[in-house]
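Here the structure is laid out as structure tokens; the discussion comes afterwards.
Just so it is clear, none of the values below were taken in a lab; they were calculated from the coordinates. Since the model is a prediction, treat every value here as computed from it, not as a measurement.
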Amino acid sequence: MTTEKQLQQSGGVTERMPWKNEMSMEFDAVSVNESFARVAVAAFVAHLNPTLEEVADIKTAVSEAVTNAIIHGYDNVYGYGKHGNSQPAYLIIHPGKVQLRCSLERDVLRIEVEDHGRGMENVERAMEPLYTTKPEYDRSGMGFAFMEAFMDELEVHSMPGQGTVVRMTKKLGTYPLIEE
Ligand SMILES: Nc1ncnc2c1ncn2[C@@H]1O[C@H](COP(=O)(O)OP(=O)(O)O)[C@@H](O)[C@H]1O
Ligand SMILES: [Mg+2]
């Protein structure tokens, strides 16, 4: 048990609590927010001094998951190639929202990207390399394969008509740098 006095002395932080940090955000399902999301996650882990490779891996995985939420979940293809509309992508307003949640427990990063869009009938098939339902938008069908390759764990839950949650985990190799 931590006493009131101990809590005050430690600035409200309990001594035996494992090192943990969480953040969450929500943004519109528009293409310009893809770069916003990946930079936000990179900034969230920056204090751990991750390697350039780790940061690149995380940013790629976040980009792929967020792009999927926008163009597949909400069918908002503005800013992604052949949309037949000359309006710049930043002028597009879309009612769909994407939720991004991250947590760090010591050096283990967990990322969740959630949309409430169309969802998927068959997640297993969607995750097969080269499978895409939007070849006309220069999709390569490699998004899930990249997420799998660049992160340690990937979990996808989806319900047709309800939406999709992508959960990814990556252990950063910077544990010794965390001050005890
Ligand atoms: N958030 C999502 N909502 C609905 N469908 C999705 C979502 N993410 C992926 N999909 C489906 O899974 C397929 C494969 O995704 P991915 O591997 O990223 O390839 P790509 O995005 O190039 O099509 C997509 O073509 C789409 O049919
Ligand atoms: Mg994709």
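From the backbone phi of the range 151-156, what are the Karplus-calculated ³J(HN,Hα) couplings (6.51 cos²θ - 1.76 cosθ + 1.60, θ = phi - 60°) in whole Hz, Gly and Pro given as x?
Per residue, the Karplus-derived 3J(HN,Hα) values read 10, 7, 9, 9, 9, 10 Hz.
With θ set to phi - 60° and the Karplus curve 6.51 cos²θ - 1.76 cosθ + 1.60, what are the ³J(HN,Hα) couplings of the range 95-106 in order, to the nearest whole Hz, using x for Gly and Pro?
In residue order, the calculated couplings are x, x, 10, 10, 9, 10, 10, 10, 9, 10, 10, 6 Hz.
Quick one: 3J(HN,Hα) in Hz for the range 27-44, Karplus 6.51/-1.76/1.60 with θ = phi - 60°, rounded, Gly and Pro as x.
9, 5, 7, 10, 4, 5, 7, 5, 6, 4, 5, 6, 5, 4, 5, 4, 5, 4
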